[in-house]
Amino acid sequence: MRVAVLNPMFGKDFTKSARWFARSRGRVQRHPDYLATAVAVLEAAGHELLFIDAQAKNMPTGTLMPRLKDFRPELLIYQATTPSIYADIDAARQCREALGGGVHVLVGPHVSAEPEDTLRAAQGAVDAVCRREYDYTLRDLANGVPLQECLGISYMKDGEYTANPDRPYIENLDELPFPAWRHLDIRDYRDGAKLFPFLTLITGRGCRHRCSFCQLPQVMTGHAYRQRSVENVVAEMEYDKRLFPDLKEIMFEDDTLTMKVARDRLADLCETMIRRKVNLSWSANARVDLNDLEILKLMKRSGCRMLCVGFEFGEQQILNNVRKGTTLEQMVAFAENAAKARIRIHGCFMIGGPGETRETAMKTIEMAQRLNIDTAQFAGVVAYPGTAFYEWAKAEGALVPQNWRDWVTTDFEQASIISLPTLSKEEINELIDVGLRRFYLRPSQMLRMMKNIRSWADVKAKAHGLMSFIQYFTKT
């Protein structure tokens with residue numbers, strides 16, 4: 001079967017956003033890492049693929065039509081997110097009208113959280129949505145399994161919403177092929193915190209922790225951390241290096257590679273990278289309960305350059321309110337140990353959690369200044385559908401948006417969408433700017449960032465970050 005897989009364009013520079021440092025941990029996800037794996041699954045099943053990241057190319061859907069008409073897809077798959085859902089539906093509608101046929105489906109966390117709302121909003125533009133992990137759901141559809149018999153599918157029948165049973169999570173992730181990056185240009189993806197060009201790599205799916213605001217475990221991948229084997233992960237790194245000889249960095253995009261229950265595997269992964277002489281810089285998401293200095297030093301020896309760390313709040317009660325499961329003491333100890341191991345830390349901080357006040361928000365800003373870290377981002381807590389935080393915000397009347405498009409600003413940046421009795425949306429936005437200024441506009445911080453420049457890739461990353469900072473404050 002001929003299958004077209006699209007990451008539709010939502011807004012100019014939405015993926016390559018200049019203001020990367022202002023995003024939250026619940027950030028808008030348009031990078032096609034999960035999508036690229038599903039494409040590889042479809043190819044392995046013998047299907048012919050056209051895979052286009054139109055968002056990364058700033059390519060309106062209309063300009064894709066000549067390629068789509070030449071390809072004549074029988075199945076069309078669209079990645080969707082909460083703020084882009086109306087644009088994603090419109091992309092499907094344009095394709096359906098232009099092509100006159102085919103099966104059209106949406107995938108992603110938003111449609112997993114809001115399948116019925118999505119289908120009713122689509123009004124026939126799509127035939128179905130795929131809930132949760134969709135690799136094998138798409139393969140079944142491409143193999144000809146009818147909608148009515150396909151696990152993990154929701155669809156409309158005679159005006160009524162129908163949901164098939166959930167598809168079980170994939171337990172043996174090693175059986176999945178490596179992502180089909182060969183279809184894409186990795187130079188289309190920039191992030192001021194990472195060396196350029198970089199690729200993402202997912203070594204496991206799911207997260208055992210229960211942070212109320214984190215969307216993927218709650219709606220897509222579950223709370224059991226299913227891990228790929230170390231050999232399989234390192235083989236993918238080696239494959240990526242062969243595919244892209246100028247690759248500078250791998251970003252491990254697991255919700256957290258470093259959780260305690262996976263610490264032995266992390267050590268094995270680092271030792272295998274050293275033994276196999278992978279010689280590739282890597283970064284990863286991490287929690288502050290990674291307080292083992294020896295593990296951190298081993299990570300550094302294996303190529304770890306930077307960790308993206310969810311400190312989140314500088315007030316213990318707010319951490320408890322979002323079920324973070326970490327302490328202020330762990331934050332300080334972790335930052336000091338990471339500095340001793342010479343691993344750079346990009347700190348993620350949020351404002352607007354349950355019970356937040358100006359005083360508690362200022363504690364977060366002050367904590368960011370005290371910690372021994374290299375870069376930081378500040379953002380309002382994002383209430384994405386399907387999360388416990390979203391349900392709390394709805395129940396408390398704290399949600400500001402009137403529709404899904406309001407989850408981002410007119411510049412396609414993550415919007416502050418929470419307004420509390422103790423802290424308004426406007427105050428949250430003001431405090432985000434205060435945090436950014438106080439963190440970055442310190443002579444000691446500027447000197448630290450200059451000292452961290454070790455290569456031309458560092459120069460380009462810092463230049464991108466500087467432009468981000470300037471653009472942020474010249475637009476606000």
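Name the one entry in 326, 272 that is farther than 25 Å from residue 230 by Cα and either modelled with pLDDT under 95 or of a type in the set (Val, Ile, Thr) (or both).
Going through 326, 272 in turn, the sole match is 326.
Taking the stretch 90-104 as the region of interest, how many residues are surrounded by 23 or more Cβ atoms within 10 Å (Cβ to Cβ) and either among the hydrophobic types (A, V, I, L, M, F, W, C) or in a helix (DSSP H, G or I) (or both)?
Kept after step one, since they are surrounded by 23 or more Cβ atoms within 10 Å (Cβ to Cβ), are these residues of the stretch 90-104: 91-92, 95, 104.
The next check asks that each one be either among the hydrophobic types (A, V, I, L, M, F, W, C) or in a helix (DSSP H, G or I) (or both); those that pass are 91-92, 95.
Looking only at that region, the number is 3.
For every residue, the table says whether it meets (1) within 16 Å of residue 319 (Cβ to Cβ); (2) of a type in the set (Gly, Ala, Ser); (3) surrounded by fewer than 23 Cβ atoms within 10 Å (Cβ to Cβ); (4) out of contact with any Leu (no Cβ under 6 Å at 6 or more places or on another chain).
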| position | (1), (2), (3), (4) |
| --- | --- |
| 355 | yes, yes, yes, yes |
| 365 | yes, no, yes, yes |
| 371 | yes, no, no, yes |
| 376 | no, yes, no, yes |
| 381 | yes, no, no, yes |
| 384 | no, no, no, yes |
| 389 | yes, no, no, yes |
| 394 | no, no, yes, yes |
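Every residue in the stretch 301-316 that is part of a helix (DSSP H, G or I) and closer than 22 Å to residue 377 by Cβ, please. Outline the logic, then answer.
Within the stretch 301-316, the subset part of a helix (DSSP H, G or I) is 301, 316.
Across the stretch 301-316, the qualifying residue is only 316.
Please verify whether residue 115 is in contact with a strand residue (DSSP E or B) (Cβ under 7 Å, 6 or more places away or on another chain) and either touching a residue at least 12 places away in the same chain (Cβ under 8 Å) or of a type in the set (Ser, Thr, Tyr) (or both), treating the condition exactly as stated. Steps first, please.
Details: in contact with a strand residue (DSSP E or B) (Cβ under 7 Å, 6 or more places away or on another chain): yes; either touching a residue at least 12 places away in the same chain (Cβ under 8 Å) or of a type in the set (Ser, Thr, Tyr) (or both): yes.
Spelling it out, residue 115 is indeed in contact with a strand residue (DSSP E or B) (Cβ under 7 Å, 6 or more places away or on another chain) and either touching a residue at least 12 places away in the same chain (Cβ under 8 Å) or of a type in the set (Ser, Thr, Tyr) (or both).
From 146, 109, which residue is touching a residue at least 24 places away in the same chain (Cβ under 8 Å) and not assigned by TED's automatic domain parsing to the domain that holds residue 219?
Working: 146 fails: touching a residue at least 24 places away in the same chain (Cβ under 8 Å).
Criteria check complete, one pass: 109.
Quick one: would you say residue 214 is in contact (Cβ under 8 Å) with a residue 60 or more places away in the chain, buried (at least 22 other Cβ atoms within 10 Å of the Cβ) and not assigned by TED's automatic domain parsing to the domain that holds residue 31?
Yes, satisfied.
Condition check ((1) assigned to a helix (DSSP H, G or I); (2) closer than 30 Å to residue 84 by Cβ; (3) in the same structural domain as residue 434 (by TED's automatic domain parsing)) across all residues:
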residue: 296; (1), (2), (3): yes, no, yes
residue: 299; (1), (2), (3): yes, no, yes
residue: 319; (1), (2), (3): yes, no, yes
residue: 324; (1), (2), (3): no, yes, yes
residue: 330; (1), (2), (3): yes, no, yes
residue: 334; (1), (2), (3): yes, no, yes
residue: 349; (1), (2), (3): no, yes, yes
residue: 367; (1), (2), (3): yes, no, yes
residue: 373; (1), (2), (3): no, no, yes
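Scan the stretch 146-167 for residues that are part of a loop (DSSP other than H, G, I, E, B) and either in contact with a helix residue (DSSP H, G or I) (Cβ under 9 Å, 6 or more places away or on another chain) or of a type in the set (Ser, Thr, Tyr) (or both) and jot them down.
Listed by number, the residues that qualify are 150, 151, 152, 164, 167.
Could you tell me which numbered condition residue 195 fails, if it satisfies all but one of (1) touching a Cys at 6+ places or on another chain (Cβ under 7 Å); (2) modelled with pLDDT under 95?
Exception for residue 195: condition (1).
Tell me yes or no: at least one residue of the stretch 157-166 is small (Gly, Ala, Ser), out of contact with any Pro (no Cβ under 7 Å at 6 or more places or on another chain) and buried (at least 24 other Cβ atoms within 10 Å of the Cβ).
Scanning the stretch 157-166, I find no residue that is small (Gly, Ala, Ser), out of contact with any Pro (no Cβ under 7 Å at 6 or more places or on another chain) and buried (at least 24 other Cβ atoms within 10 Å of the Cβ), so the answer is no.
Residue pairs, Cβ under 9 Å, 6 or more apart or interchain, first in the stretch 38-50 and not assigned by TED's automatic domain parsing to the domain that holds residue 202, second modelled with pLDDT under 95. List them.
39/32
Which residues, counting only those in the stretch 261-294, are closer than 21 Å to residue 335 by Cβ and part of a loop (DSSP other than H, G, I, E, B)?
287, 288, 289, 290, 291, 292
Out of all the residues in the stretch 220-257, which are part of a helix (DSSP H, G or I) and not charged (D, E, K, R)?
Of the stretch 220-257, the ones part of a helix (DSSP H, G or I) are 220-221, 230-243.
Hits for the stretch 220-257 are 220, 221, 230, 232, 233, 234, 235, 237, 239, 243.
Assess whether residue 87 counts as being buried (at least 24 other Cβ atoms within 10 Å of the Cβ), assigned by TED's automatic domain parsing to the domain that holds residue 7 and in contact (Cβ under 8 Å) with a residue 40 or more places away in the chain.
Criteria not met by residue 87.
Restricting attention to the stretch 62-78, does a residue exist that is crowded, with 21+ Cβ neighbours inside 10 Å and touching an Asp or Glu at 6+ places or on another chain (Cβ under 7 Å)?
Within the stretch 62-78 (the criterion being crowded, with 21+ Cβ neighbours inside 10 Å and touching an Asp or Glu at 6+ places or on another chain (Cβ under 7 Å)), the answer is yes, since at least one residue qualifies.
The values are calculated or read from the model by the stated rules, or taken from the named source; none is laboratory data. The shown structure was predicted, so the numbers you read here are calculated from the model rather than taken from an experiment. As a convention, Cβ positions derive from the backbone with ideal geometry for all residues, glycine included, and neighbour counts pool all protein chains shown.
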